[in-house]
1. Filter segment 11-27 down to the residues that are of a type in the set (S, T, N, Q) and within 18 Å of Lys46 (Cβ to Cβ) and list them by number.
2. So Phe6 passes all but one of these: (1) within 13 Å of Lys70 (Cα to Cα); (2) touching a residue at least 24 places away in the same chain (Cβ under 8 Å). Which condition number does it fail?
3. Would you call Thr52 modelled with pLDDT of 95 or more, more than 18 Å from the chain's Cα centre (by Cα) and surrounded by 11 or more Cβ atoms within 10 Å (Cβ to Cβ)?
4. Enumerate the strands (runs of 3 or more DSSP E) found wholly within segment 1-42, keeping only those where 1 or more residues are in contact with a Ser or Thr (Cβ under 6 Å, 6 or more places away or on another chain) and within 12 Å of Ile62 (Cα to Cα).
5. Considering Glu69, Glu57, Glu79, which residue is in contact (Cβ under 8 Å) with a residue 60 or more places away in the chain and loosely packed, with under 11 Cβ neighbours inside 10 Å?
Amino acid sequence: MFVEQFGDVSYARFSYSGTVQVDVYANETIETFGISPLNYQIAGIKDGSKLTFSISEPRTLIITINYLEKLLLFADGLEADAPVIGAPGVVNQVLL
């Protein structure tokens, strides 16, 4: 997935349903990491430069690895009843 850097943080956003495994790769061997908020109690596993964890609910997380910039991860649920282009009252802004 695409990761954007802004200032001293990076961020990524995705939507999903069910349970998803998240793999975060660093440019160096992972010595320490954190997955916040801590009250979610998400367990991560480090393997070389890869951090792996799973989530099953929409979450906004802060991932820290070593002393690198933070990664803000926006894991959204799928949109229910999304508008359909062409339906009454739905306008495609790209075409305007």
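1. First, pick out the residues of segment 11-27 that are of a type in the set (S, T, N, Q): 15, 17, 19, 21, 27.
Result: Gln21, Asn27.
2. Here Phe6 clears every test but (2).
3. Working: modelled with pLDDT of 95 or more: yes; more than 18 Å from the chain's Cα centre (by Cα): no; surrounded by 11 or more Cβ atoms within 10 Å (Cβ to Cβ): yes.
No, not satisfied.
4. Numbers: elements: 4-6, 9-16, 20-25, 33-36.
Of the strands (runs of 3 or more DSSP E) lying wholly inside segment 1-42, those with at least 1 residues that are in contact with a Ser or Thr (Cβ under 6 Å, 6 or more places away or on another chain) and within 12 Å of Ile62 (Cα to Cα) span 33-36.
5. Values: Glu69 fails: loosely packed, with under 11 Cβ neighbours inside 10 Å; Glu57 fails: in contact (Cβ under 8 Å) with a residue 60 or more places away in the chain.
Residue meeting the stated conditions: Glu79.
The values are calculated or read from the model by the stated rules, or taken from the named source; none is laboratory data. Computed from a predicted model, the values in this text were never measured in an experiment. In this analysis, Cβ positions are derived from the backbone assuming ideal geometry, glycine residues included, and neighbour counts consider all displayed protein chains.
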